[in-house]
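Structure first, then comments.
The values are calculated or read from the model by the stated rules, or taken from the named source; none is laboratory data. The structure displayed is predicted, hence computed values, not measured ones. Note that each Cβ is placed from the backbone with ideal geometry, even for glycine, and that neighbours are counted across all protein chains shown. Heads up: the accessible areas ignore ligands, DNA and RNA and are worked out on the full protein's heavy atoms, side chains in. Shrake-Rupley method; radii C 1.70, N 1.55, O 1.52, S 1.80 Å.
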Amino acid sequence: AAAVMHKLASLSAELKSKVQDAGSALSDVRSRVTQQVIDAAGGGAAEEDEIPELQQHARIDASLRRLYERSDKYMRALNQVCEMSRALSEDFANVLADPALGQAASAFKAAKGPHAQADSTVLGQVLYRNVFQPVRREVEGRKDFERRLADRKKVRLDYEAFRRKQVGLLQSDPTNKSVYEGNLEAAAKTFARHSEGVARDVAAVNAERQQMLSVAFAGLVLSQLEFFSSSAGALEDVVVAASAGGGGSATLERDWARMRGEMAQLVANAQQQQADKAAAAAARDRGGSGRRRSPCRRSRRCSLACRS
């Protein structure tokens with residue numbers, strides 16, 4: 001009797017184990033089917049829109065907002081530099097007692113006065129017309145387009161909420177699987193058509209903004225080139241005036257030559273530092289792809305063998 005009871009207990013345990021295995025297998029099948037449906041309906045919920053055109057738009061828009069702020073700061077800072085340069089030129093013109101430098105001081109005052117004012121006015125006009133104003137128009141003037149983007153976000157969130165609800169019903173009510181799968185497929189197609197329309201509109205805006213940025217970049221570079229070239233030319237006139245006013249003074253010639261030599265050395269040092277940094281960075285990049293193995297240090301003999 002004891003043997004019979006033991007055998008019955010073993011059969012019961014084996015049957016229970018097989019039932020559990022069958023239940024686990026059925027659960028795995030349902031999970032795979034559910035995941036296939038989710039993938040077919042557009043995958044899991046994404047925190048950010050995956051349309052490449054929208055991602056590019058976000059990068060361009062962030063850059064435009066920085067340009068809008070920084071171009072204004074640039075003009076204010078440049079105007080302040082010009083104003084302080086003018087003030088310094090007047091101070092030197094009033095305080096220099098050496099007659100040999102009188103002509104040079106007057107030339108420096110003119111270079112940092114009316115001459116610099118004219119140059120900064122031209123620079124400001126070019127930057128305002130080709131950088132600041134177009135960027136501000138892009139940042140503040142596309143209200144309808146911004147509303148379209150806000151509507152896109154709402155549509156995406158509504159679609160994700162609907163998709164999650166249908167997937168939940170699919171899991172809790174598998175008898176109506178075909179209904180929920182049909183709802184998911186129809187919603188995915190509608191959302192895809194909406195995405196295509198948004199992508200076309202955003203691509204057009206991105207192209208217009210790139211064209212505007214191309215013109216703005218040219219305006220910034222060429223206006224700076226004109227401004228600093230003109231300033232350099234005016235300062236060369238100051239140096240010529242100082243040389244002529246010195247009248248062969250050995251002291252003045254020695255001072256100016258020493259200053260030129262010092263500046264040339266500083267420039268050479270700065271360039272060498274930049275070259276050293278670039279070489280070090282390149283060496284780190286090469287070392288990261290294939291680093292040499294350090295020699296073994298367990299013993300002097302082993303270390304010598306590794307190095308050889």
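Probe radius 1.4 Å, ligands and nucleic acids ignored: give me the carbon and sulfur share of the accessible area of region 47-176 as a rounded percent. Accessible surface attributable to carbon and sulfur in region 47-176 totals 53 percent.
Placing unit charges on the Cβ atoms of the charged side chains and taking the dipole of region 41-177 about its Cα centre, the candidate lying farthest along the positive direction among 155, 170, 101 is 170.
Expressed as a fraction of 2.2 N^0.38 Å, the value expected for a compact globular protein of N residues, the C-alpha radius of gyration of region 54-174 is 2.08.
Peptides 81-92, 265-276 ranked from most to least packed by the mean count of surrounding Cβ atoms within 10 Å: 81-92, 265-276.
Maximal additional length on extending the residue 232-residue 79 stretch stands at 53.3 nm, based on 0.36 nm per residue less the C-alpha distance.
Extending 7 Å from Cα along the Cβ direction at residue 259 and again at residue 145 yields two label points whose distance is 5.1 nm. Of the peptides 281-287, 253-259, the order by per-residue mean of other Cβ atoms within 10 Å, starting with the highest, comes out as 253-259, 281-287. Maximal additional length on extending the residue 118-residue 173 stretch stands at 11.9 nm, based on 0.36 nm per residue less the C-alpha distance.
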